[in-house]
Amino acid sequence: MRPMRSFGGGGGGFGFPSVESTAAKLAIGLVVGSVLALAVRTLGAMLVLTPSAVFPGLMLWQPFTYGFVELHPFGIIFGAFALYSIGGGLEMSWGSKRLLWVVLGGTVLAGFLTVALSLFFPLLRGVPYSGGWVMGSVAWVAYGLSIGRGQTNFWGIPISGNVFAGIGAGFVILNGLSAGWATQIPELLALAITFIAVRGGSPRSLMLRLQHWRLQRQLRGRSRHLRVISEERPDDRYLN
């Protein structure tokens, strides 16, 4: 059984990771990238994700860099804190490699999927997306889903991990209601990716499930050629 974990004070806590941890490096990268983007606007325009700049503009690095850029102080502070504290909790239970695959990899994949959607929805092509809170949302929701029905603590209130994940998703929904859904496309895609990554399992487990399904299908196919032996026994004279 998982021990109760807390967020935002109230005894216990995630425990802050070392500054040399992967979670800390992601948080530092977000702060540095955001400050550079705000200080040098032309650089910021190249780092954020603008679908029309990626295709056909060929700025293919933007899905990789937009996750380290936030253009609002609240997004920078809260995103970096989420990556450092919540991401640190994930790193302690998952390890650095899986943390990168889910948090950073999910953010990058959401960026490419946003570009793909813009090919069908022209409204998205000119929208500049900063992705610092995309990474923060992935870490938040992934942490809650990893706890599941286990208990955590949110600002002194005991809640389940699933509720904690729902709060993280709620921020995205509220932003969509206030600023428009077109501004939240990477976040929404990232939430779906996170759910699949945490609840769907690793690529290895998905491959094992596929192999199991194929084996079951082969066995069912072979069983069609089998015939049930009659319960009536033949004359024993013909068996000797």
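Quick notes on this structure:
- Candidates Leu188, Leu174, filtered to the one that is out of contact with any Gly (no Cβ under 8 Å at 6 or more places or on another chain), open to solvent by 40 Å² or more (accessible area, probe 1.4 Å) and not hydroxyl-bearing (Ser, Thr, Tyr): Leu174
- Filter pass, Thr183 being at pLDDT 95 or above and either open to solvent by 80 Å² or more (accessible area, probe 1.4 Å) or among the β-branched types (Val, Ile, Thr) (or both): no
- Of the residues making up the stretch 89-123, those that are of a type in the set (Phe, Trp, Tyr) and surrounded by 14 or more Cβ atoms within 10 Å (Cβ to Cβ) are Trp94, Trp101, Phe112.
- For first residues located in the stretch 96-119 and in contact (Cβ under 8 Å) with a residue 12 or more places away in the chain, partners that are open to solvent by 70 Å² or more (accessible area, probe 1.4 Å) and lie 6+ apart or on another chain with Cβ distances below 6 Å form the pairs Val108/Phe64; Val115/Phe55; Ser118/Arg125.
- Across the stretch 137-162, the number of residues qualifying as part of a helix (DSSP H, G or I) and buried (at least 17 other Cβ atoms within 10 Å of the Cβ) comes to 12.
- Pair list, Cβ under 6 Å, 6 or more apart: the stretch 49-68 residue touching a residue at least 40 places away in the same chain (Cβ under 8 Å), other residue among the small types (Gly, Ala, Ser) and open to solvent by 20 Å² or more (accessible area, probe 1.4 Å): Ser52/Gly126; Phe68/Gly29
The values are calculated or read from the model by the stated rules, or taken from the named source; none is laboratory data. Because the structure is predicted, anything quoted here is derived from the model rather than measured. We place every Cβ from the backbone using ideal geometry, glycine too, and count neighbours over all the protein chains shown. Quick note on the areas: whole protein, heavy atoms, side chains included, nothing else; ligands and nucleic acids left out. Shrake-Rupley method; radii C 1.70, N 1.55, O 1.52, S 1.80 Å.
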